[in-house]
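Participant: Before I ask anything, let me first share the structure, which is written out below as structure tokens.
The values are calculated or read from the model by the stated rules, or taken from the named source; none is laboratory data. Here the structure is a predicted model, which means the values were calculated and not measured. With ideal geometry, Cβ positions are generated from the backbone for all residues, glycine too; neighbour counts draw on all protein chains shown. Note: accessible area is taken over every heavy atom of the protein model, side chains too, but ligands, DNA and RNA are not part of it. Shrake-Rupley method; radii C 1.70, N 1.55, O 1.52, S 1.80 Å.
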Amino acid sequence: MQEHDFNLTDEYIHLIQLLKAMSLVSSGGEAKEVVREELVYCNGDIETRMRYKVRKGDEIEFEGNLIRVV
């Protein structure tokens, strides 16, 4: 599994925006689709809310990538 840190400068970032910012998907439409298909995990649980507010301390998993939000 590849591990990445994402430096959050605001209070939160929406899940689909994080996937795009980390270049794990190529578009917002693709980000929505992978969330809808239950392929994204937040803190070990499947996350289906596209507008989920990712905050510092969260860990996101998608396709062999672990993103730690710091």
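Participant: In whole Hz, with x marking every Gly and Pro, tabulate ³J(HN,Hα) for region 18-28 from phi via Karplus 6.51 cos²θ - 1.76 cosθ + 1.60, θ = phi - 60°.
Facilitator: 5, 4, 5, 4, 8, 6, 8, 9, 9, 8, x
Participant: By its C-alpha gyration tensor, with a ≥ b ≥ c as the square roots of the eigenvalues, how is the chain shaped: rounded for a/c under 1.5, else prolate for a/b larger than b/c, else oblate?
Facilitator: rounded
Participant: What whole-number distance in Å separates the alpha-carbon centres of region 44-70 and region 2-17?
Facilitator: 8 Å
Participant: With point charges of +1 on the Cβ of Lys and Arg and -1 on the Cβ of Asp and Glu, referenced to the Cα centre of the chain, which listed residue (N65, A31, M1) lies farthest in the positive direction of the dipole?
Facilitator: The listed residue farthest towards the positive side: A31.
Participant: Just the number, please: carbon plus sulfur as a percent of the accessible area of the chain, 1.4 Å probe, no ligands or DNA/RNA counted.
Facilitator: Summing carbon and sulfur atoms, their accessible area is 41 percent of the total for the chain.
Participant: Next question, about the same structure. Amide H neighbours of L8 under 5 Å, at least 5 residues apart or on other chains, H built in the peptide plane: list them.
Facilitator: V70
Participant: Next question, about the same structure. Rolling a 1.4 Å sphere over the protein heavy atoms, what is the accessible area per residue of the chain, to the nearest Å²?
Facilitator: On a per-residue basis, the chain sits at 61 Å².
Participant: Specify the longest stretch of the chain that does not include any exposed loop site, a site being one of the trypsin sites (Lys or Arg not before Pro) with a non-H, G, I, E, B DSSP assignment and at most 14 other Cβ atoms within 10 Å.
Facilitator: 1-48
Participant: Go ahead and estimate [θ] at 222 nm for the chain from helices alone: -39,500 (n - 2.57) per DSSP H run with n ≥ 4, summed, over the residue count, rounded to 500.
Facilitator: -6000 deg cm²/dmol
Participant: Taking Cα pairs under 8 Å and at least six residues apart, what relative contact order does the chain come out at, in percent?
Facilitator: 42 percent
Participant: What percent antiparallel are the DSSP beta bridges of the chain, to the nearest 5?
Facilitator: 70 percent
Participant: What residues qualify as long-range amide H neighbours of V54, i.e. H under 5 Å apart, gap of 5 or more or another chain, H built at 1.01 Å from N?
Facilitator: So V54 has HN proximity to I13, H14, L15.
Participant: Can I ask one more? Of the chain, which part is the longest with no GluC sites (Glu not before Pro) in a loop (DSSP not H, G, I, E, B) and with at most 10 other C-beta atoms within 10 angstrom?
Facilitator: Segment 39-70 is the longest.
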